[in-house]
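J.: Provided herewith is a single structure, encoded as structure tokens, for subsequent inquiry.
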Amino acid sequence: MALFAISDLHLDMTGNKPMDVFGDNWIGHYKKIESNWKKKITCGDTVIIAGDISWSMNMKNGFLDLDWVHNLPGEKILVKGNHDYWWNSITKLNSLYDDMNFIQNNFFSYGNYALCGTRGWNCPGSENFSSHDEKIYKRELLRMRNSLDCAARAGYDKFIVAIHYPPIGEKFMDSGFKDIFEEYSVEKVIYGHLHGESSLKAVTGNLNGVEYLLTSSDYINFDPEVILPGR
């Protein structure tokens, strides 16, 4: 069955974080996502969600948003975003739902592909990039490599990556993420984080054999995008 992707759901079923402050297109956005999702995605399909799933600060409220995702059709593969403060032990997360799989130093299968990923971080050359950013950036590079290594050791040689932050900065400088993707011959990189005018600076399309796809929900009109049409 098909593989889809979307990111930046920015859910808050408590109603405390209305998204329309970011533009009229965000009014009732989760209803748009739900409607579009159910029109095209079946229980046999898989959906990559590349971060910023929920605004919740803890798992108590996070469950409301995760349950909403759980009740949509298909298997879901999730990576952490910068707003996913509810994200806790990866072992605990992967024990919660039978149709939701969380990536952190691990991978999941889609046919003969390994679905790998990590949150990512601001890349060197980004505005106000600090020594603190450098430390987190290097940790995220390690997590990305761990995810791909885990899949390679299991015998996979076809990779699709999900990462929340743009893996190439706004100045279009090379990054450690780009180098890792090319080293492993990653076919597709799904990412989000960018909204509005910032999405105009997004790297999309084929670069050195790797296809980059921005799937922030507002960028794709709250409509999950087909990554692979079927298997």
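The values are calculated or read from the model by the stated rules, or taken from the named source; none is laboratory data. Predicted model, so just to flag it, every value in this text is computed and none were measured. Backbone-built Cβ (ideal geometry, glycine too); neighbour counts: all protein chains shown.
J.: Working only within the stretch 111-164, note down all residues that are more than 20 Å from residue 209 (Cβ to Cβ), under 17 Å from the mean Cα position of the chain (by Cα) and of a type in the set (Ser, Thr, Tyr).
T.: 118, 137
J.: If you go through the stretch 16-28, how many residues are part of a helix (DSSP H, G or I) and within 16 Å of residue 64 (Cβ to Cβ)?
T.: The number of residues fulfilling the criteria is 1.
J.: Also: Could you run through the stretch 145-175 and say how many residues are at pLDDT 95 or above and surrounded by fewer than 21 Cβ atoms within 10 Å (Cβ to Cβ)?
T.: 11
J.: Next question. Name the single residue, out of those in the stretch 25-52 being hydrophobic (A, V, I, L, M, F, W, C) and buried (at least 17 other Cβ atoms within 10 Å of the Cβ), that is farthest from residue 10 (Cα to Cα).
T.: So the residue we want is 41.
J.: Restricting attention to the stretch 45-57, does a residue exist that is part of a helix (DSSP H, G or I), farther than 21 Å from residue 144 by Cβ, of a type in the set (A, V, I, L, M) and at pLDDT below 95?
T.: No - not one qualifying residue is present in the stretch 45-57.
J.: Quick check on the stretch 1-24: of everything there that is surrounded by fewer than 15 Cβ atoms within 10 Å (Cβ to Cβ) and out of contact with any Gly (no Cβ under 8 Å at 6 or more places or on another chain), which residue is modelled with the highest pLDDT?
T.: 24
J.: Here's a follow-up. State yes or no: is residue 128 over 16 Å from residue 49 (Cα atoms), surrounded by fewer than 16 Cβ atoms within 10 Å (Cβ to Cβ) and either in contact (Cβ under 8 Å) with a residue 40 or more places away in the chain or of a type in the set (Ser, Thr, Tyr) (or both)?
T.: No, not satisfied.
J.: Can you find a residue in the stretch 84-97 that is in contact with a strand residue (DSSP E or B) (Cβ under 8 Å, 6 or more places away or on another chain) and among the charged types (D, E, K, R)?
T.: Yes, the stretch 84-97 contains a residue that is in contact with a strand residue (DSSP E or B) (Cβ under 8 Å, 6 or more places away or on another chain) and among the charged types (D, E, K, R).
J.: Looking only at the stretch 29-44, how many residues end up being touching a residue at least 40 places away in the same chain (Cβ under 8 Å) and either part of a loop (DSSP other than H, G, I, E, B) or in contact with a helix residue (DSSP H, G or I) (Cβ under 8 Å, 6 or more places away or on another chain) (or both)?
T.: 4
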